[in-house]
1. Once you charge only the Cβ atoms, +1 for Lys and Arg and -1 for Asp and Glu, what is the size of the charge dipole of chain A about its Cα centre, to the nearest 20 debye?
2. Starting at the first residue of the stretch A:11-22, write each ³J(HN,Hα) from the Karplus equation 6.51 cos²θ - 1.76 cosθ + 1.60 with θ = phi - 60°, in whole Hz, x for Gly and Pro.
3. How crowded by other chains is B:143-155, given as the mean number of beta carbons from other chains within 10 Å of each beta carbon?
4. Spelling out what I want: for every residue of the stretch A:382-395, take phi, set θ = phi - 60°, compute 6.51 cos²θ - 1.76 cosθ + 1.60 (Karplus), and round to whole Hz; glycine and proline get x.
5. Rounded, prolate or oblate: which one fits the protein assembly as shown, using the alpha carbon gyration tensor with axes a ≥ b ≥ c (rounded when a/c is under 1.5, else prolate when a/b beats b/c, else oblate)?
6. Counting Lys and Arg as +1 and Asp and Glu as -1, what is the net charge of the other residues whose Cβ lies under 11 Å from the Cβ of B:R102?
7. For A:K536, which aspartates and glutamates qualify as cross-link partners when the Cα separation must be under 18 Å and same-chain residues fewer than eight apart are set aside?
8. Could you give the length gained on full extension between A:R135 and A:I156, defined as 0.36 nm per residue of separation minus the Cα-Cα distance, in nm?
Amino acid sequence: MAEYKWPEAEKRQHIGKRISRIDGPDKVSGRAKYSYDINRPGMLYGKILRSPYAHAKIVSIDTSAAEKMPGVKAVKIINGKDFELQWVGHEIVALAAETEQQAEDALRAIKVQYEKLSHLVNDLERAKAPAASLRKPAEGVDGEPDKAFAEAGLVIHEGFYGNDVITHCCLEPHGLVTEWSDDKNVMIHPSSQAISGIGGELARALEMPASNVHAHMDHIGGGFGSKFPVDIWGIEMTKLSKLAGGKPVKYFLERDAELAVAGTRPSAYARVKVAAKKDGTLVAWESDAWGSGGVGNIGSPPYPYVWKLPHQKKTFQVVATNNGPQRAWRAPNHPQAAVITMGAMEDLAAKLQMDPLDFFLKNIDLTGVRANVYKEELSKAAEMIGWKANWRQRGAGAPGSTKTVKRGLGLSIHTWGGTPHQSDCDILINGDGTVEIRMGTQDLGVGTRTTLQIVVAESLALSLNTVKVTIGDNKLPPSGASGGSTTIGGISSAARRGSIDALNLLFEKVAPTMGTTADKLEAVSGKIQVIGDATKSMTWKQACAKLGVTPITTRGKQPGKDTLATGGVGGVQMADVSVDIETGIVKMNKFVAVQDCGLIIDLKTAESQVFGAMIMGVTYSLYEEKIMDDATGKMLNGNMEFYKLAGLRDIGELQVHMMTGKGYDERGVIGLGEPPTNSPGAAISNAVANAIGVRVPTIPLTPARVLEALAKGGKG
Amino acid sequence: MSKSDERLIETTNDTSGVKIDPAVSRRNFLKGSGLALSLPLMAAETAEAAEPAVPIFGPEKVAITLTINGKPLKAAVEPRVTLLDCLRNDLDTTGAKRVCDRGTCGACTVQLNGKPVYACSVLAIEAQGHKITTVESLATGDTLHPVQKAFWDNDAQQCGFCTPGFVMACKSLLDKHPSPTDEQVKLGTGGNLCRCGTYVGIKAAIAQASAAMKKGGRA
């Protein structure tokens, strides 16, 4: 049985190099077809009537006028009389018409009577929430926290920290094109992070055979954790298609609906008490935390984040609010836990009058198994940002500060799992020498296609363009959903195993001709040769010609024999900011990230992932906020003017350093999507506190909040 | 997050097919007022009071001809249909993307007479008689435009949904400023947003494309 391992560093032809993504030309030329771009003959446009109230009961619905409107082909009530709507945007009626404008007009013709009920949309001030909205708190205790806090001579810091609700704001909204190809079969083009599973999910909802739903998607315009399910609109639009005689129906959420209902990152707030000895040794942690992900339950963020203090007391309470439901947001719970934990740690360091870098290093063993990784990364990041030269005690102002513009530095550390998901693939070696990998995965823009091409080409010792990559279809060998940084480990392991098996089959085919046995052959730079003897070789094409017209096919799997991918990473980020204390505006000067992720397949797209996470991090730290109006229960910024994303001018200078080589490569491939997203909020918040001398407790760090914190002077 | 004024169309009184009084142009009103694009109703009312003799089209579909990438293409759309929706839904030209649909994010950027515009903020009937250039026209077969090549080389795309708009904005920037200053880069890309965070690559791409285009690459 073959042995599966990654090639030694000096033998790698493609792995670890900077390789441009293979779908780049399609994306830059506008040729890449996203599901939103799919136009089908006779296609109808779907629309959904959504609740204008945060909490209301439907008293009556009359769709008769809408049904008679020009162009309207199908109308279906999703949630009818007596249904209790739980958030603004909750679905009521779906319809489809020949043009989008006709569909919009028809929505306006639907008459709904509502009975308004009381609502709660914000939970920053938990004390104001009605008892009915408060779930029973969960509690956890490690060690003897009460006794530990009572110890004499400790320095104790108490503070409040928080993260408001944000949304995913995928640029391609959620949605799909769906049609009944005949009376038994459905074809969908979704925007999905789970192409292998979405067909089965739709089939279950429609009570039809899973094999009768075909799902295909070439490209996806962002997901970030929000695009796993087929969603109510996927199901209802498919029903509308049936009502309309099988005609294709296109439905993609309008921007306001996308921001209101297609996913939020839960809020996270906490009152924290943390104690250390005078020399900075961490002793005990206590946190009273809460958060909301809408009407449903959510899990607690990991408090305290990364640091495993010997004595801990933690409570977490869910607050039910009338918001569109939460969905996994790139590294669920970690960024929020980082803001709260690292904020409290930095404040404690300030109270101890310690440099937080020294404070972190002093306690680094409390981070557990990756203490040495963090040490190495802290030292690298400090060098990149010039920590020792630029850091000053809190409020003293880093060099370059003026009377009104204060500069400061902040840091944070983070972790993530990123273990591989389950994945199958088929490898085909054709008689003409071409190679194909087929896998039911999806490329969220992280370089999935490119990774597969690199792994297969590397394994067969071929040039990249010999390998065709076919993904994005549920008729291909199934691969896991892309979430939680599980994709790269899953797909690269399966591709490696399948390729090695396929190569061995080819060896068996050509060995007799070469007067040897398969186990004596190797593939080197486009040739098959006797191991260590380049004089006894044949070209890849000559070897494949022995196959005739029947390709070799193998099935690669993850999990499988031998370990090619693992999980568990550490990262460090440091931010350098300037804060105008007259306007409250925070400006990014420099932001550095040091990250490990095991063996890197493509350095170029790996670095892009980290840059992207940092920029997303600047955005959620400074700008992003789902602003909900207490009085009406509506989102006040359901658009992109006021739901603000950072622009090119807002990011300052960014630097990324990937930990690679010895000590890292041996761990195999580990996912990278989430980890670098975890620290930005904490690092930037800490830099602002360092600059202005007071903590701005809640992110985003808007000008108003900076000014408020300054006015309070750190009190209250 | 700030936006370049250069993005607004300057004047539209030379339409063919559909005649639009320049006084009624939403763009002219906006240009003069300096107001954001979020006040279309106000623009219409103000204009109506000043110019009662406004030609009326629709509300039924109107036959129009648009010059897209040098080719005249025919469509029948209601007057309220935007250039973006007409391109995407009626002409199957889907490079320009619909994201914010109200003139903020730039994913729908195309050129109108060589200048960048948000296709979501131009009506299809208004776009008649103008040269409309979309991202699809930049590459010739497999040969990418220097801006496109630079985006690819510098990994200035992840999910890629903002990329066509950014490519058009950057091409427009370099058409006007072949060697843009940092401030011109910020202004020229200030009307476009990316969610995946590809700005580091985009900055590098602009620098590479600027050098390549000066060396004799195609403008």
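1. On the way: 82 positive and 78 negative charges, 83 e Å.
Roughly 400 debye, rounded to the nearest 20.
2. 9, 6, 8, 10, 4, x, 7, 8, 10, 6, 5, 6
3. Working: counts 1, 4, 2, 0, 1, 6, 3, 1, 5, 10, 4, 4, 15.
Across the residues of B:143-155, the mean count of other-chain Cβ atoms within 10 Å is 4.
4. 4, 5, 5, 9, x, 4, 5, 6, 10, 6, 10, 4, 3, x
5. Judged from the Cα gyration tensor, the protein assembly as shown comes out rounded (a/c under 1.5).
6. Values: positive: A:R255, B:R98; negative: A:E254, A:D256, A:E641, B:D101.
Here the count lands on -2.
7. In chain and number order, the partners are A:E508, A:D519, A:E522.
8. Details: separation 21, 0.36 × 21 = 7.56 nm, distance 2.95 nm.
Net length gain for the segment: 4.6 nm.
We did not get these values from a lab; they are worked out from the coordinates using the rules stated. No experiment lies behind these values; they were computed from the predicted model shown. Cβ: placed from backbone, ideal geometry, glycine included. Neighbour counts: every protein chain shown.
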